[in-house]
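The block underneath contains the structure these notes are about, expressed in C-alpha cells.
The values are calculated or read from the model by the stated rules, or taken from the named source; none is laboratory data. What you see is a predicted model; the values in this text were computed from it and never measured. Note that each Cβ is placed from the backbone with ideal geometry, even for glycine, and that neighbours are counted across all protein chains shown.
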Amino acid sequence: MSEHKKAPPLRSSFTKKTPLPITKLVSIVFALAIVSPLLYAERVLDGDKLSGIKGIDDRVLVNGAHKPWQAIGKIYTADLALCTGVLITPNHVLTAAHCIWNKNTNSPIDNQHLEFVTGYHRERFLAGRSVRHVRHSPRYKSDQNSSVSLHSLTSDWAILALESAIYNVTPIPISSLTMQELMAAKQTLAVIQAGYSGDRPYILTANKRCKVTKKYHNQPLIGHDCDATKGDSGSPLLVKINGQFQLIAIHVGTEQHSNGRSVGVAITPPFTPTKSLTSKEPSLPF
C-alpha cells in the first residue's frame, strides 16, 4: 500500500524538547558561516551566485517520487536545519555528519530531534521516519572556528538507523568500486549528483553530467565538478553500472580557489558491500 502523503504547509512549530512530528515538518535551510578554501555545502551566497555552482548551472528538476530519485530525501532537525540524505537499505540513511551535529556540545543531535522524509516532490512525499540511532566516525569533530579542515571532511559521514523500515521506496546500494577503480575511470565515468538545494528546497535537482576530478592523497575524499550548493550536504554521487544506480560518495563541501574556481568535495562510504550488488542488505557497521 502506498504511503504517499501530502506535505504540510510551511510553519514553525518545533521546540528542541519536542520530537519532530512528520505532520509538522518545516523546510528551512541552515547556513554555517565557514569561509574558503573549504566550505560545507550549506555555505552562504556569494553575491548573486550560489557557492558551489561551477560556471553554468547544470542542475535540472527531477521528480523525487520516481526511481532512482525516490531514495534521496531530506533530513530535518529541531534547529529547522535541512540537509540531504540517501536511503541505502530499507532501514538506513547515509548523510554528512555535520548535518546532524550539535556544534555547542560537539556531539550528534539527539535522535528524537531528527526526521527523514523521502520520495518528496512539491507537496507530497512517499515516506517519513524518525531516527532510532546515529552512527558516525569516532574521529569526527565539528570545526568550531570559521574554516573547515580537510581532516574534518575525511570523517564527515553519518548513518541514521530508522525507527522502522521503508519498503515502498527502492534504496540505492553502495558501489563496490574502489578508489583506484574510480580514479582509473574518472575520464569516462558518468556521475550523477542529486539533492535538495537550498534555493529549491521542495524540489529535487540533479546534475546529470558530472565527473570525478581528483582524489585527496590517501584520504577517502574525491573532487568533483557537480553543481552542489547549500542544502546538498549528504547528497549522493551516483554511477550507473549494468543498468543499476550505485552510490560512490556523498557531497560534503566545496573547495574554493583564489581564482574563483571551485571543486566539490565528496567522501566515499566508510564501508563497502560484502555481498553482491544485487543484495538487499549490504554489510553495515551496526
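Could you go through the stretch 94-115 and let me know if any residue there is among the hydroxyl-bearing types (Ser, Thr, Tyr) and closer than 26 Å to LEU238 by Cα. Yes, the conditions are met somewhere in the stretch 94-115.
Scanning the stretch 216-267 for residues that are more than 19 Å from the chain's Cα centre (by Cα) and among the charged types (D, E, K, R) yields one hit, ARG261.
Find the residue count for the stretch 197-218, including only residues that are farther than 16 Å from VAL86 by Cβ, aliphatic (A, V, I, L, M) and part of a strand (DSSP E or B).
Initial filter on the stretch 197-218 (farther than 16 Å from VAL86 by Cβ): 198-203, 208-209, 211-218.
With the extra rule that they be aliphatic (A, V, I, L, M), the set shrinks to 203, 212.
Narrowing the set further to residues that are part of a strand (DSSP E or B) leaves 212.
Number of matching residues: 1.
Listed by first and then second residue, the pairs with beta-carbon distance under 6 Å, at least 6 apart or on different chains, first residue in the stretch 112-131 and farther than 18 Å from ALA206 by Cα and among the basic types (Lys, Arg), second modelled with pLDDT of 90 or more and part of a strand (DSSP E or B), are ARG129/PHE116; ARG129/LEU162. Out of the residues in the stretch 116-157 that are small (Gly, Ala, Ser) and modelled with pLDDT under 95, state the one that is nearest to ILE100 (Cα to Cα). This residue is SER142.
With respect to GLY73, determine if the residue is at pLDDT 95 or above, outside any loop (DSSP other than H, G, I, E, B), within 15 Å of the chain's Cα centre (by Cα) and over 21 Å from SER155 (Cα atoms). The answer is yes for GLY73.
Restricting attention to the stretch 246-262, the residues being touching a strand residue (DSSP E or B) at 6+ places or on another chain (Cβ under 7 Å) and either among the hydroxyl-bearing types (Ser, Thr, Tyr) or surrounded by fewer than 19 Cβ atoms within 10 Å (Cβ to Cβ) (or both) number 2.
Restricting attention to the stretch 93-105, and to residues there that are of a type outside the set (A, V, I, L, M, F, W, C) and surrounded by 24 or more Cβ atoms within 10 Å (Cβ to Cβ), which single residue is farthest from the chain's Cα centre (by Cα)? Write out each step before concluding.
Let us first name the residues in the stretch 93-105 that are of a type outside the set (A, V, I, L, M, F, W, C), namely 95, 98, 102-105.
Filter once more, keeping what is surrounded by 24 or more Cβ atoms within 10 Å (Cβ to Cβ): 95, 98.
On the way: THR95: 5, HIS98: 10 Å.
In this case the residue turns out to be HIS98.
If you go through the stretch 159-175 one residue at a time, do you hit one that is closer than 19 Å to VAL263 by Cα, over 13 Å from the mean Cα position of the chain (by Cα) and without any contact (Cβ under 8 Å) to a residue 40 or more places away in the chain? No; the residues of the stretch 159-175 include none that is closer than 19 Å to VAL263 by Cα, over 13 Å from the mean Cα position of the chain (by Cα) and without any contact (Cβ under 8 Å) to a residue 40 or more places away in the chain. When ALA194 is tested against (1) assigned to a loop (DSSP other than H, G, I, E, B); (2) at pLDDT 90 or above; (3) out of contact with any Gly (no Cβ under 8 Å at 6 or more places or on another chain), exactly one condition is not met: (1).
Find the residue count for the stretch 229-243, including only residues that are surrounded by 24 or more Cβ atoms within 10 Å (Cβ to Cβ), under 14 Å from VAL212 (Cα atoms) and either in contact with a Cys (Cβ under 9 Å, 6 or more places away or on another chain) or aliphatic (A, V, I, L, M) (or both). Can you show your working first?
Taking the stretch 229-243 as the starting set, the residues that turn out to be surrounded by 24 or more Cβ atoms within 10 Å (Cβ to Cβ) are 229-238.
Pick out the ones that are also under 14 Å from VAL212 (Cα atoms) and you get 236-238.
This time we only want the ones that are either in contact with a Cys (Cβ under 9 Å, 6 or more places away or on another chain) or aliphatic (A, V, I, L, M) (or both), so: 237-238.
Residues in the stretch 229-243 being surrounded by 24 or more Cβ atoms within 10 Å (Cβ to Cβ), under 14 Å from VAL212 (Cα atoms) and either in contact with a Cys (Cβ under 9 Å, 6 or more places away or on another chain) or aliphatic (A, V, I, L, M) (or both): 2 in total.
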